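I have placed the structure first, in the form of structure tokens, so that the comments after it can refer back to it.
The values are calculated or read from the model by the stated rules, or taken from the named source; none is laboratory data. All values reported here derive from a predicted model rather than from experimental measurement. Here the Cβ positions follow ideal geometry from the backbone for every residue, glycine too, while neighbour counts run over all protein chains shown. Calculation scope for accessible area: heavy atoms of the full protein, side chains included, ligands and nucleic acids excluded. Shrake-Rupley method; radii C 1.70, N 1.55, O 1.52, S 1.80 Å.
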Amino acid sequence: MAQSSFSGSAGQYSGIGDAGHRMSRRTLLRATALGTGAVALPALLTACGSGPGGDSVTLGSNASDPVPKKAFADAFDAYEKTSKKKVKVNTVDHNSFQQNINRYLKGSPDDVFMWFAGYRMQFFAKKGLLTDISDLWPEFQGFSKALKDQSTGEDGKQYFVPYYYYPWAVFYRKSVFQQHGYEVPKTFDQYTALARRMRKDGLVPIAFGDKDGWPAMGTFDYLDMRANGYEFHLSLMRGKESWTDPRVKRVFDLWRGILPYHQQGANGRTWQEAAQSLARKQAGMTVLGLPHPGQQFTAADRADLDFFPFPEIDSRYGQEAVEAPVDGFLLAKKAKNKKGAKDLLKYLATPDAEERYLKSDPNNVAVNDRASTASYNALQKKAADLVSGARQISQFMDRDTRPDFAQTVMIPSIQRFINDPDDIDGLLKSIESQKKTLFAAE
Amino acid sequence: MTAPALPPRPRVRPGRLGLHAFLLTVSLAFLAPLLLAVYASLRPYEETAEHGYFSLPRHLSLDYYRQAFSDSGMSRYFANSLLIAVPGVLITLFLASFAAFALSRLRLRGATALLIVFTAGNLLPQQVIVTPLYVLFNRVPLPYWMSDSLTMYDSYWAVIVVHIGFQLGFCVFVLANYMRTLPMEILEAAVVDGAGVWTQYWRVTLPLCRPALAALGTLQFTWMYNDFLWALVFISTGDKLPITSALNNLRGQFFTDYNLLAAGSVLVALPTILVFFLLQRHFIAGLTLGAGKG
Amino acid sequence: MPSAIPRRARRRGPRRFTRRDLLVTGVLLGLPILLDLAVIWGPTLASVGLSFTSWDGIGDIEWVGGRNYHDLFTDYPPFWPAARNNLLWLAFLGLIATPFGLLLAVLLDRGVRFSRFYQSTLYMPVVLSLAIVGFIAQLILSRDQGALNAVLARDNPVDWLGDPDLNIWMILLAAGWRHTGYVMILYLAGLKSVDPSLKEAAAIDGAGARQTFFRVVLPTLRPVNVIVGVITVIEALRAFDIVYAVNQGRNGLELLSVLVTDNIIGEAARIGFGSAIAVVLLVVSLGFIVAYLVQEMRQGKVPGGDRETRRGKVPGKAQEKGEEERR
């Protein structure tokens, strides 16, 4: 017990225990030797491997979980085989990659790296951190105009190679709709009526979890785009509209109207738990992205999952805008092997590259019109139709606006709204004044 | 000190029983969350998602442990963590022990001020110094054999140096306090024998500090091993990240299988628990922070 | 005897060190000082400078004077809740978790059986990493799937983590869970070295257990008290990982360190603004610690007040030292 060690150390205190001294000195020496070895080790390890530069293209990946990691590896393998060139993938987990993006780009970025379309990409382009790839775009085939817009910087040049997307929609279980005889709502009034009916039938109408902060943004984006149109939404996201505008207030009023039909306690629930209650037929519907709810379903139930586009609020805008974040690739300004990188990007823009990826990760949809949809499941096919029929594509709030605004203003604000939906005026005033500070820097 | 340090083995009294009941309750309350986590890691996600975490098991298996180990590429990250933590701990202890020795034993002018500088340096929130250090490390060139990024940024050196600098304060604070409890007479005797500063430190003082060093070593190892912030900020190559990022690899961009994550966390925690058990005896003696030694 | 030492020390004065001694001391003391200045204090001062600027980490640094501080105090809703939570954290750790750790240490010090088991169990939470703490919170406190609701409130689930008036208390419990073991080990170590004859003497004088503890044991634990005090303040003001693991420190769980992280580390990159929050945190920490250390130093028993150090310079202190040694 502790007592024995105590008397041991007390013996040492007297400073006479010679043997004790020698012992501990030896231990220390050994520890030091070990330490010196350990200190030299990192140097030795980094010394292995090839010299700086080299022939291969380096690629920064944020896909660290097994499914997408393997899917990307398949695509890069195919490229390596046909081109006889090497792709060196540097994988960092998704969250760290995103948190680090500024430091990464200013530090020592890889030649090509994964990122998202839209405002953030344009921001990096404006700051001179990206290489313009307008010279490659004329050769690309199968990308719609909406996609080209999403790949274009404010200077009119292209910087981005889109790869796949995943639309947001209202998900439900077909069997639940059949059982109760529900019909897919076209308009917001029908949507509200359906929610009311579901509650009467003992269901939670809309499963809802916002503990992570981002899932509720999808609902806001759709409400705003349906009520005020895509142009206004985008301009609001770019900081060009006032948040105290009556149009924004209306969005929150609409939301407050259906909030009672949302699952209570959303701020303490992860989106996974929310989707789980859909899977367990406790909830009727939920607003999420294509890759989300499926993972909460057992394989057998997955065919029962379906979605409908977010309902129409204003007939002027109908359901023409679709929220479909696009993931793809960028070329860093600091890239060491630009020629090789461009060659790789050319391949990644082909239908073949996308098909290979989606074979292993069926949670997304290819951006290239020419990519084969033969291997798609029903949900993927429907998602592809939804996006190709869209007049406008939005990315997602945290991709369509400044990250500081999304992270430090909008997430807390939406959570505050969920806690206390009645103080909309106070909330919007607070958002507007913070927005002014943030966007003043531009 | 050879007298029994504890009161004689007590007779069984009702008070003792009450004491044990209390300690047992507290221990179980402390342990319960951990046991629940281990329990969850043995069950499939679908099951806990459907029935809640507090439910009877239908399937129990170690599959998640196997999966966590292979999916996260844990062995490589484990090696990275050791590459950072082992030199970090050793250098920190070496430098801190000498500084503590010099400041508490050598009667230097300004020792008090320096001790406050060290102690206060430990108080700063880590996040405060991130940006300037990032800029600094990006400007420190290193030869290729030391860092393949050719700068201190994105190399182990950056992380190790920051760990050392950041933990020095705490170690100097504790060790100086500890050394002050050692009888000065030993040192005086050594000085009379003509021992230089190095001998006084290395041969006379340090051996007496072994328990304190073991204790600090355990704490420091735990902290450096569990750290994620420095590595997150100063390393951009995924393959160089420490073990904490292996756990992040078990999270998807959206979906997280928490039970798998629990299994991974248990695996990751094993080395720190092992170190604790190995050093527990020294630990208890070692954090003898200088109360009246009798 | 002791009174001879300072005189000797003083007499030898500057010629105390040989050149080799000076070299060794210079290098080995210089290195940590240099490192501390280069890695900690230099960047800290740089951050203070940055707090008066606006910078996104990429473009140019723009001087904005005190604007960040103005915005912080008037136009940043999470700031005041964060400051309040940090103080709450300090109060909870200082008034509940730390004394509880001390209580456990005292109980374990009485030579109970299975002491090592209790020690290990109570210490276990200290070694856990961020990921598992977040998971455990989810495991127990989740409204839909957690164990607590399964036991207490099956039909009327309580939103332990989502209700902003409630979640901070749950998280404080978790923080206390980790802090108690840490404190217990520190005190246990201190108690082990309290001379048992002191306690016996007190017992013979007819002092009860409580009296013995407060009058005899606690005062001799003074150096441990200093360390535990400093650690408690550090832990409370630097608190970060638990809330970050639970919900990134939002919705009632704001903490200053999280706000710094959100603004500096994350994608947001409001480096000037984040630095301003950090400076506030720094000033508060330094205020607490310096006040604490100065007060302790007056008693002459902390590193700063180091009796050995003083002994060489201030002969008057020798008396006190002599007394302590007899004790």
Just name the residue that is surrounded by the most Cβ atoms within 10 Å (Cβ to Cβ) out of those in region A:96-126 that are under 26 Å from C:Gln248 (Cβ atoms) and charged (D, E, K, R). A:Arg103
Select from region C:264-273 the residues that are over 21 Å from C:Glu235 (Cα atoms) and assigned to a helix (DSSP H, G or I) and write down the one among them that is nearest to the other protein chains (Cβ to nearest Cβ). C:Ile271
A:His180 passes all but one of the listed conditions (1) without any contact (Cβ under 8 Å) to a residue 60 or more places away in the chain; (2) out of contact with any Gly (no Cβ under 9 Å at 6 or more places or on another chain); the exception is number (2)
Within 21 Å of A:Met410 (Cβ to Cβ) and within 11 Å of chain B (Cβ to nearest Cβ): is that true of C:Gly252 in this structure? no
Condition (residue is away from chain A (no Cβ under 14 Å) and either surrounded by 22 or more Cβ atoms within 10 Å (Cβ to Cβ) or modelled with pLDDT under 90 (or both)) applied to region B:81-98: is it met by at least one residue? no
I need the full set of residues from region B:110-122 which are open to solvent by 30 Å² or more (accessible area, probe 1.4 Å), over 24 Å from C:Ala278 (Cα atoms) and in contact with a helix residue (DSSP H, G or I) (Cβ under 8 Å, 6 or more places away or on another chain), in order please. B:Thr112
Taking the stated definitions as given, is B:Ala29 without any contact (Cβ under 8 Å) to a residue 12 or more places away in the chain, within 29 Å of A:Lys70 (Cβ to Cβ), assigned to a helix (DSSP H, G or I) and out of contact with any strand residue (DSSP E or B) (no Cβ under 8 Å at 6 or more places or on another chain)? no
Give B:Ser97, B:Ser70, B:Ser149, B:Ser104 a once-over and let me know the one that is under 20 Å from B:Leu232 (Cα atoms) and of a type in the set (Gly, Ala, Ser). B:Ser149
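Here is a yes/no grid of residues against (1) assigned to a helix (DSSP H, G or I); (2) in contact (Cβ under 8 Å) with a residue 40 or more places away in the chain; (3) more than 9 Å from chain C (Cβ to nearest Cβ):
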position: B:Tyr225; (1), (2), (3): yes, yes, no
position: B:Val233; (1), (2), (3): yes, yes, no
position: B:Ser236; (1), (2), (3): no, yes, yes
position: B:Asp239; (1), (2), (3): yes, yes, yes
position: B:Ser245; (1), (2), (3): yes, yes, yes
position: B:Phe254; (1), (2), (3): no, no, yes
position: B:Ala263; (1), (2), (3): yes, yes, yes
Screening A:Gly118, A:Gly8, A:Gly51, A:Gly17 for residues that are out of contact with any helix residue (DSSP H, G or I) (no Cβ under 9 Å at 6 or more places or on another chain), at pLDDT below 90 and over 22 Å from B:Ala79 (Cβ atoms) leaves only A:Gly51
Enumerate the pairs (first residue in region A:78-90 and in the same structural domain as A:Thr350 (by TED's automatic domain parsing) and farther than 12 Å from A:Leu59 by Cβ; second residue anywhere and outside any strand (DSSP E or B) and aromatic (Phe, Trp, Tyr)) with beta-carbon separation below 8 Å, excluding pairs fewer than 6 apart on the same chain, so at least 6 apart or on different chains. A:Thr82/A:Tyr347; A:Ser83/A:Tyr347
Boolean, A:Phe188 is assigned by TED's automatic domain parsing to the domain that holds A:Ala366 and either touching a His at 6+ places or on another chain (Cβ under 9 Å) or not acidic (Asp, Glu) (or both): no
I'd like to know if region C:191-202 contains one or more residues that are buried (at least 21 other Cβ atoms within 10 Å of the Cβ), more than 7 Å from every other protein chain (Cβ to nearest Cβ), part of a helix (DSSP H, G or I) and at pLDDT 85 or above. no
Tell me yes or no: at least one residue of region C:49-66 is part of a loop (DSSP other than H, G, I, E, B), among the charged types (D, E, K, R) and either surrounded by 13 or more Cβ atoms within 10 Å (Cβ to Cβ) or on the phi > 0 side of the Ramachandran plot (or both). yes
Among the residues of region B:123-130, is any over 30 Å from C:Val280 (Cβ atoms), in a helix (DSSP H, G or I) and of a type outside the set (Phe, Trp, Tyr)? no
Is it the case, given these coordinates, that A:Phe171 is in contact with a Ser or Thr (Cβ under 8 Å, 6 or more places away or on another chain), farther than 20 Å from A:Arg399 by Cβ, in a strand (DSSP E or B) and modelled with pLDDT of 90 or more? yes
Give me a count of the residues in region A:161-205 that are closer than 30 Å to A:Glu354 by Cβ, open to solvent by 10 Å² or more (accessible area, probe 1.4 Å) and of a type in the set (A, V, I, L, M). 1
Of everything in region A:220-234, what is in contact with a strand residue (DSSP E or B) (Cβ under 8 Å, 6 or more places away or on another chain) and among the aliphatic types (A, V, I, L, M)? Give them in sequence order. A:Met225, A:Leu234
Quick check: anything in region A:284-298 in a loop (DSSP other than H, G, I, E, B) and open to solvent by 40 Å² or more (accessible area, probe 1.4 Å)? yes
Would you confirm, using the coordinates I've provided, whether C:Leu259 is open to solvent by less than 10 Å² (accessible area, probe 1.4 Å) and outside any helix (DSSP H, G or I)? no
Looking at A:Ala169 and the list (1) of a type in the set (A, V, I, L, M); (2) within 14 Å of chain C (Cβ to nearest Cβ); (3) in contact with a strand residue (DSSP E or B) (Cβ under 8 Å, 6 or more places away or on another chain), which single condition is not satisfied? (2)
Is it the case that some residue within region C:70-88 is modelled with pLDDT under 90 and within 9 Å of another protein chain (Cβ to nearest Cβ)? yes
How about region A:47-156: which helices (runs of 4 or more DSSP H) wholly inside it have at least 1 residues that are away from chain B (no Cβ under 14 Å), out of contact with any strand residue (DSSP E or B) (no Cβ under 6 Å at 6 or more places or on another chain) and of a type in the set (A, V, I, L, M, F, W, C)? A:66-83, A:119-126
Go through region A:223-277 and report how many residues are hydroxyl-bearing (Ser, Thr, Tyr) and open to solvent by less than 10 Å² (accessible area, probe 1.4 Å). 2
Give the residues of region B:48-80 that are away from chain C (no Cβ under 14 Å), among the polar types (S, T, N, Q) and touching a residue at least 40 places away in the same chain (Cβ under 8 Å), sorted by residue number. B:Gln67, B:Asn80
Of the residues B:Leu175, B:Leu133, which single one is open to solvent by less than 10 Å² (accessible area, probe 1.4 Å) and more than 18 Å from the chain's Cα centre (by Cα)? B:Leu133
Suppose we keep only residues that are outside any helix (DSSP H, G or I) and basic (Lys, Arg) within region A:384-433. Which one would you say is farthest from the other protein chains (Cβ to nearest Cβ)? A:Arg391
